[in-house]
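Enquirer: So that we are looking at the same thing, I have put the structure below in structure tokens.
The values are calculated or read from the model by the stated rules, or taken from the named source; none is laboratory data. Since this is a predicted model, take the numbers as computed values, not measurements. Counting neighbours? That spans all protein chains shown, and the Cβs are built from the backbone with ideal geometry, glycine included. What goes into the accessible areas is simple: the full protein's heavy atoms, side chains included, and nothing from ligands, DNA or RNA. Shrake-Rupley method; radii C 1.70, N 1.55, O 1.52, S 1.80 Å.
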Amino acid sequence: MDRNISQLGNGQEASIRRVGGHSSLSQRLQELGFTPGATVRLVAKAAFGGAMAFQVRGSTIALRRADAACVEI
Amino acid sequence: MAEPTSARIVVLLGAPNAGKTSLYNHLTGSRFKTVNYPGATVEYSVGKLRAAGEAAHVSAKTQDCHTPEQKPSIEPGTVQIMDTPGIVSIVPRSQDEQVALSALTSLDTVVGTPHKSPHLLVVLLDATQPARHLPLVREVVKAGFPTIVALTMNDLARKKGWDLDSNKLSELIGVPVVEIDGRSGIGVSDLVSGIESLLPESPAPVSVPTSLTDTQIQDNFRWADDVAARAIRNGSYRPASLNPGLGRLDRVALHPVMGLVLFVAVMTGLFWSVFSAAAPLMDLVEGLFGWLGEWAGGHLGDGLLKGLVVDGMISGAGAVFVFVPQIAVLFLVMGLLEDSGYLARGSMIVDRFLVSIGLNGKSFVPLLSGAACAIPAAMAARTIPGKRERYLTLLVIPLMSCSARLPVWGLLLGFLVPPDKPLVGGLALTGIYLLSIVFASAVAVVGGKILKIEPSHTGFQVELPLWRPPTFRTVVVAAWDRTISYVQRAGLVILAISIAFWALMNFPSPDDSAMTMLGKVIAPLIAPMGLDWKVGVALIAAFAAREVFVSALAVIYAVEGAEEATEGLLAAMRGATFEGTSQLVFTPASVAGLIVFFLIALQCLTTVAVMRREVSTRFALGQMAAFVVLAWILATVTVQGLRLVGVP
Ligand SMILES: Nc1nc2c(ncn2[C@@H]2O[C@H](COP(=O)(O)OP(=O)(O)O)[C@@H](O)[C@H]2O)c(=O)[nH]1
């Protein structure tokens, strides 16, 4: 099973391998800086399986968990 | 549409929160409020470029109930600055991004210029996240726009530990780069000189791509990473060093447990403060109107004029204006929240809950601003990318308890809660807000079943901006502006309706007035809600503006503008009986029914107009009809239900 950034532990970093999912979503994620090769760090998780916050290219961006699962590492 | 003009247009473009509004204010000398939340500018603003040294003309434009639409006007022969909603990419994915893009490709339809594209772009580049904002710069330069880059947030970047070399950047990008400080305005005059020297007579031919391939996006970022790395003056650039982890505040605000607790505390605090912080000020306003009534009464003699002024105008307006301090506090606290950067965090926390009722984390800010007014809230909903989620948000926005309802709550809670229990009053008001959220959630769920729009694959992404200590001055000025314009609008409507009411009640004669005749017609409709025709007339008047309900009651019960405006009205309500009987009109049950009615009924025609523009005539009319009927049914059920279980 491919790993994705939603499975990162708090404070963990990883390098993006591929961005999957529906094309409009995957393009928006890439436009936000989640491109293959970029380093991503998970910094926070909201309660009850809610959104997660990541740092990428110096910005902090919150993604819904399902969206984050499209970003493979 | 405006006349075609020969004005030259400079468009400000950039990511959300890059500092566009701050720069716009410096360039044009206006004082829009800046909001530290992605997507605060949802319409264009256009203003004349202020020549260096020219004094700021203070023109306040705040987005609120009273300025639903403003057509920008453009003077020929001038240089006009245009602010746009923030965009992430040159390919738009939501309505507000589409709005920004139209400023690049179809200016003619937006502001009526003879040309389609602007003369010059000023692209804002946030120095704290250069690698993320550079791809947009590259795309517009590639498209052929004459461009200047304004480098903002340099102070924050230095705090983060790096410094961007603007000369080096300019060399690498191939367009001028000017460093500015959006708060102090330092560097803006250099930018103005840059604009003046670069501004062409006519727009350059451009070709804006309508889509980008994955390869293009990735290539842009590879370029951006490289440019950023080479332009950073001190320290070596490693992408990881840009990801330093969370600051102290975020460790609490984004913590799964503490973050949720903080969120609930902030929201409760917001609505609580509306009640408690405003109380002393309300006494002041009340005293003022009491004094005004007595003074006017003493000077006008006895007669029709005194009746009109004291019983019609002063007591009508006074009954509502007592609650203006509450509205001011609401605007102030919401302004503080907007300015601090908390709202984006809030939307991250509630996304989980909003998804489960068919909305989106991005619905949070529109819904919260709905607690002030539905009009700006509807515009803020443009930042929601998915059509389905946007329509559902628009559907429930009018159910948020807006500021126009505050005077109504004040009066009705004043009736239910003894004045010596302020704690209970604060709780009751918070309870009303909670109830509005419950109704809105239920309607969103039901609406989701009815609405025939496929869910889109847009998900939820939001940038969490840096925390900023709110600038006290900006927040206070904005709250002041919004309160004043509230008073102006509400004041006019209330005065007009109060006078009309007073006339209807006194002609042809007080005993056989036009009002009584009208009342007889609507009495059967209002009876199930446990109320009499007088309240029914006030409910109808409330369609002009909800707060009119309060002033209409004051006029109907001919409350003297004496000592305590609300106390007088409350006393009159406590004594009011159904005509010819000793049965009380206002009882705990019927007042609870009224609260339910006001929570749901869509009684704001401006909202209907805005919904029509944002969605369709069918949607707007359907929404109003549904909410009015639903309000009537639920109010009736509440009253009759309470009576069944023995509540009087
Ligand atoms: N520290 C710092 N803050 C800035 C600067 N420019 C703007 N701001 C603040 O950044 C926030 C967002 O600015 P705003 O103009 O609303 O950005 P917009 O969303 O692009 O219109 C506001 O709180 C501004 O006060 C700057 O150069 N330095």
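Enquirer: I'd like the full set of residues that are among the small types (Gly, Ala, Ser) and either farther than 17 Å from residue B:446 by Cβ or facing chain A (nearest Cβ under 10 Å) (or both), limited to the stretch B:345-361.
Expert: B:346, B:347, B:356, B:361
Enquirer: Something else: Checking the condition touching a strand residue (DSSP E or B) at 6+ places or on another chain (Cβ under 8 Å) and of a type in the set (A, V, I, L, M, F, W, C), which residue from B:438, B:462 passes?
Expert: Values: B:438 fails: touching a strand residue (DSSP E or B) at 6+ places or on another chain (Cβ under 8 Å).
Step by step, each of B:438, B:462 is checked, and only B:462 is touching a strand residue (DSSP E or B) at 6+ places or on another chain (Cβ under 8 Å) and of a type in the set (A, V, I, L, M, F, W, C).
Residues are listed down the side, and each one gets a yes or a no for (1) surrounded by fewer than 20 Cβ atoms within 10 Å (Cβ to Cβ); (2) in contact (Cβ under 8 Å) with a residue 60 or more places away in the chain:
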| position | (1), (2) |
| --- | --- |
| B:127 | no, no |
| B:130 | no, yes |
| B:136 | no, yes |
| B:139 | no, yes |
| B:143 | yes, yes |
| B:149 | no, no |
| B:153 | no, yes |
| B:157 | no, no |
| B:160 | yes, yes |
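Enquirer: How do the pairs read when you match residues in the stretch B:453-471 that are at the interface with another protein chain (Cβ under 8 Å from one of its Cβ atoms) and in a loop (DSSP other than H, G, I, E, B) with residues anywhere that are away from the ligand (no atom under 13 Å from the Cβ) and open to solvent by 70 Å² or more (accessible area, probe 1.4 Å), using Cβ under 6 Å and keeping only pairs 6 or more apart or on different chains?
Expert: Here the result reads B:457/A:22, each pair linking the stretch B:453-471 to a residue that is away from the ligand (no atom under 13 Å from the Cβ) and open to solvent by 70 Å² or more (accessible area, probe 1.4 Å).
Enquirer: Inside the stretch B:215-225, can you point out the residues that are of a type outside the set (S, T, N, Q) and either outside the structural domain of residue B:121 (by TED's automatic domain parsing) or open to solvent by 70 Å² or more (accessible area, probe 1.4 Å) (or both)?
Expert: B:222
Enquirer: Can you confirm whether the stretch B:317-326 contains a residue that is in contact with a Gly (Cβ under 8 Å, 6 or more places away or on another chain) and within 25 Å of residue B:452 (Cβ to Cβ)?
Expert: So far as the stretch B:317-326 goes, no, none of its residues is in contact with a Gly (Cβ under 8 Å, 6 or more places away or on another chain) and within 25 Å of residue B:452 (Cβ to Cβ).
Enquirer: Now a separate question. Counting only residues that are in contact (Cβ under 8 Å) with a residue 60 or more places away in the chain and either crowded, with 24+ Cβ neighbours inside 10 Å or closer than 24 Å to residue B:602 by Cα (or both), how many does the stretch B:350-373 have?
Expert: 12
Enquirer: Let me ask something else about it. For the stretch B:357-371, name all the residues that are in a helix (DSSP H, G or I) and over 13 Å from residue B:459 (Cα atoms).
Expert: B:364, B:365, B:366, B:367, B:368, B:369, B:370
Enquirer: In the stretch B:181-208, which residues are within 16 Å of the ligand (Cβ to nearest atom) and touching a His at 6+ places or on another chain (Cβ under 8 Å)?
Expert: Matches in the stretch B:181-208: B:182, B:185, B:188.
Enquirer: Taking the stretch B:137-179 on its own, how many of its residues are on the phi > 0 side of the Ramachandran plot and more than 16 Å from the ligand (Cβ to nearest atom)?
Expert: So the count comes out to 2.
Enquirer: Let me ask something additional. Return the residue satisfying two criteria in turn: it lies in the stretch B:66-98 and is open to solvent by less than 20 Å² (accessible area, probe 1.4 Å) and of a type in the set (Asp, Glu), and of such residues it is modelled with the lowest pLDDT.
Expert: Filtering first and then ranking leaves B:96.
Enquirer: Name the single residue, out of those in the stretch B:474-523 being in contact with a Phe, Trp or Tyr (Cβ under 7 Å, 6 or more places away or on another chain) and not aliphatic (A, V, I, L, M), that is nearest to residue B:329 (Cα to Cα).
Expert: If we take residues in the stretch B:474-523 being in contact with a Phe, Trp or Tyr (Cβ under 7 Å, 6 or more places away or on another chain) and not aliphatic (A, V, I, L, M), then B:483 is nearest to residue B:329 (Cα to Cα).
Enquirer: Inside the stretch B:180-214, can you point out the residues that are open to solvent by 60 Å² or more (accessible area, probe 1.4 Å) and closer than 27 Å to residue B:25 by Cα?
Expert: Within the stretch B:180-214, B:183, B:184, B:186, B:189, B:190, B:193, B:196, B:197, B:198, B:201, B:202 qualify.
Enquirer: Return yes when residue B:328 is buried (at least 22 other Cβ atoms within 10 Å of the Cβ), within 16 Å of the ligand (Cβ to nearest atom), of a type in the set (Gly, Ala, Ser) and not assigned by TED's automatic domain parsing to the domain that holds residue B:504 and no when it is not.
Expert: no
Enquirer: If you don't mind, another one. So residue B:211 ticks every box in (1) more than 15 Å from the ligand (Cβ to nearest atom); (2) over 30 Å from residue A:18 (Cα atoms); (3) modelled with pLDDT under 95; (4) not in a helix (DSSP H, G or I) but one. Which box is left unticked?
Expert: It fails just one condition, (2).
Enquirer: Could you look through the stretch B:512-527, keep only residues that are open to solvent by less than 40 Å² (accessible area, probe 1.4 Å) and of a type outside the set (Val, Ile, Thr), and pick out the one that is nearest to residue B:588 (Cα to Cα)?
Expert: Taking the candidates together, the pick is B:523.
Enquirer: From the list B:523, B:479, pick out the single residue that is at pLDDT 85 or above, within 16 Å of the ligand (Cβ to nearest atom) and small (Gly, Ala, Ser).
Expert: B:479
Enquirer: Pull up the stretch B:214-255, narrow it to residues that are of a type in the set (Phe, Trp, Tyr) and more than 30 Å from residue B:352 (Cβ to Cβ), then point me to the one that is modelled with the lowest pLDDT.
Expert: B:237
Enquirer: Give the residues of the stretch B:374-401 that are open to solvent by 10 Å² or more (accessible area, probe 1.4 Å), closer than 30 Å to residue B:324 by Cβ and not in a helix (DSSP H, G or I), sorted by residue number.
Expert: B:400
Enquirer: State all residues of the stretch A:27-65 that are more than 7 Å from every other protein chain (Cβ to nearest Cβ), at pLDDT 95 or above and open to solvent by 10 Å² or more (accessible area, probe 1.4 Å); if no residue qualifies, say none.
Expert: Residue satisfying the conditions is A:65 alone.
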